[in-house]
Every structure is written in C-alpha cells, then in structure tokens.
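Encoded as structure tokens, the structure appears first; notes follow it.
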Amino acid sequence: MSWYSKYLSVFEKPFIEAPLNVIYEIKERIKNKQAEEPLVSIVVIAYNEEKRLLSCLWSLSDTICKYPFEIIGVDNNSSDRTAEVYEAIGIPYYTEYQKSCGYARRCGLEHARGKYYICIDADTMYPPKYVETLVSELENPYIVAVSSLWSYIPDKNHSWIGLTIYELLRDTYLFFQSFKRPELSVRGLVFAYNVEYGKKVGYRVDIIRGEDGSMAYGLLKYGKIKFVRNAKARAVTGYGTLDQDGTLLDSFKNRASKSLKDYKKLFTKKLNYKDDESNLIK
C-alpha cells in the first residue's frame, strides 16, 4: 500500500462528503504540531481547491519533523468552499484577492514566521519526512533553496507503467538540467528556500507562470540550489497541466520535442531571461 492511499478517500471529493472523524483527526494533529516559534513555515496556497485541499492537509498532519514548524494557508479569493476547509481544520489562513500563484505565494511569504519557506500546493500530497528532508538540506549554509521531485497518481487513464517511464525520463532530464540551470528544474509544488533571501528577491506578480523559477533564479546570487532526489521528498499530485497535452504519450512527445530543441541549456548557464509576451499579465 502506498503512503498516500488513505488520503485518496477524500481526494477529488466535495468537502461536504468528508467524514467528520477525519476532519477532527486532521484538526487535532495539526493543532498539536503548530510551533509557537517555528523554524519552518509550511505555506499552502489554494484557489478553488475544495476537493483537493483536505487530502493535502491530511498528508501534512502526518508530518514527522525534528524541526519546529507552522502550517499556514493562503486562499486566493476562491469561489468554492476552500476557505471553509481551512476554517474547519483550524489553520491560520490569509485571503489574497489578487489572483495568481505569484500573488498567493507572496502573501504566504509576507506572513511566514520561520527561517525557511516550504511551498505547498493544495492539490498535492506530501510524504511524512518531506519537510525534514528539505530543511536538512537548507541547514547547509551554502544552500539557499532546494527542489525535489513528484509523481502522479495512477488511475484508469494513466497506467502505472506509463507513468513510471514518463517520470523516470523527466526526472533524469531535470537532474542533468539542474547542474547548469537549477532554476529551470524548480517546480512550485516541490520548492523550499531561505525566507530572508526570498524576501530580498521577491515574487514576480506580473507573469502567468514561472514565478517560482524566477524566485529560484534570483536566489542564486546568495548561494546554491540543491536538487533533491531522495524518495522521502517525492510528493504525489494530480494531473493539472499534464492532461492539457492530451494523452500521456502526447504529453511525452510534446515535452521531449521541446527538450531536444533546447538541449544546449543542459551545458550552459544563462545570465538573463527575456519574458515571453504571452506569459505577461496585462
């Protein structure tokens, strides 16, 4: 049985259907883990994630970590019952009325009390040792940020074998890319960094995608970004943008084609990036 199996009982289901005993269990476990003086701020951002947020928080309630931490949330002005989920679990949360991941993550950063900021996406589930594994790397004075890996949940439309092959090839590419351009191997759902430096860099809120990569790029002036391949730091998520390409094979073909065209970035660093007009918020 996978570590995340029990969380699937509430994943992709309306909050009203969640068992009361599960809600109570999550609430009590998180309450007992919240530190008054946290070293780590675990920040959950959510926009219309009523059907997935509870499974995420359930996974975080099972966190095993030797470092004191806080869990806080950001509701990006959702129109569903996302805020109600935060309230039911008793997690301090903040409403960010300007919509975008950049605004939501910036809001979380402004309220983070810890030395380290752990990015959490509400549609994702995290293994028990996730936070501790990342923070242990961040405790190295030369490391200012870390990124890790993630898997997708097998279902009737995505075979376990197909996903395994896809993830293996993707992970290998991200690993080699992380040597010269670690900022391009960063994904927001599996990203953590030093708060002091993060506030100096700041989140970009004028772009649709790439706010985490931009943050990572800015952090490089203060130290290194560590690419973590430890299984204890591998999150599990839904399909999001992956399914926008069609089938898993279609997604692989599209992304492999793009990677082959840009193969030179595996061997060279880049000093400046130019914004794509289509990615700017107007």
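The values are calculated or read from the model by the stated rules, or taken from the named source; none is laboratory data. It should be emphasised that the depicted structure is a prediction, and the values quoted were computed from it without experimental measurement. Every residue, glycine among them, receives a Cβ derived from its backbone with ideal geometry; neighbour counts consider all protein chains shown.
A few notes on this one:
- Just so you know, in the stretch 142-155 the residues that are touching a residue at least 40 places away in the same chain (Cβ under 8 Å) and farther than 16 Å from Arg170 by Cβ include one that is surrounded by the most Cβ atoms within 10 Å (Cβ to Cβ), and it is Ala145.
- The residue of the stretch 21-41 that is farthest from Pro92 (Cα to Cα), among those that are aliphatic (A, V, I, L, M) and out of contact with any helix residue (DSSP H, G or I) (no Cβ under 6 Å at 6 or more places or on another chain), is Val22.
- Checking the stated criteria, Tyr193 turns out not to satisfy the condition of being buried (at least 16 other Cβ atoms within 10 Å of the Cβ), modelled with pLDDT of 95 or more and part of a loop (DSSP other than H, G, I, E, B).
- Exclusive hit being within 19 Å of the chain's Cα centre (by Cα) and either under 26 Å from Leu54 (Cβ atoms) or in a helix (DSSP H, G or I) (or both), set Ala145, Ala216: Ala216
- Filtering the stretch 142-167 to residues that are at pLDDT 95 or above and of a type outside the set (Ser, Thr, Tyr) leaves Ile143, Val144, Ala145, Val146, Leu149, Trp150.
- Within the stretch 83-107, residues that are free of Cβ contacts under 8 Å to residues at least 24 places away in the same chain reach partners that are assigned to a helix (DSSP H, G or I) and surrounded by fewer than 17 Cβ atoms within 10 Å (Cβ to Cβ) with beta carbons closer than 6 Å, at six or more positions or on different chains, in the pairs Tyr94/His111.
- Candidates Ser41, Ser61, filtered to the one that is modelled with pLDDT of 95 or more and farther than 26 Å from Val205 by Cβ: Ser61
- Among residues of the stretch 73-100 being under 16 Å from the mean Cα position of the chain (by Cα) and surrounded by fewer than 24 Cβ atoms within 10 Å (Cβ to Cβ), the one that is modelled with the highest pLDDT is Asn76.
- Failed criterion for Leu184 (all others in (1) at pLDDT 95 or above; (2) under 19 Å from the mean Cα position of the chain (by Cα); (3) under 23 Å from Tyr103 (Cα atoms) hold): (1)
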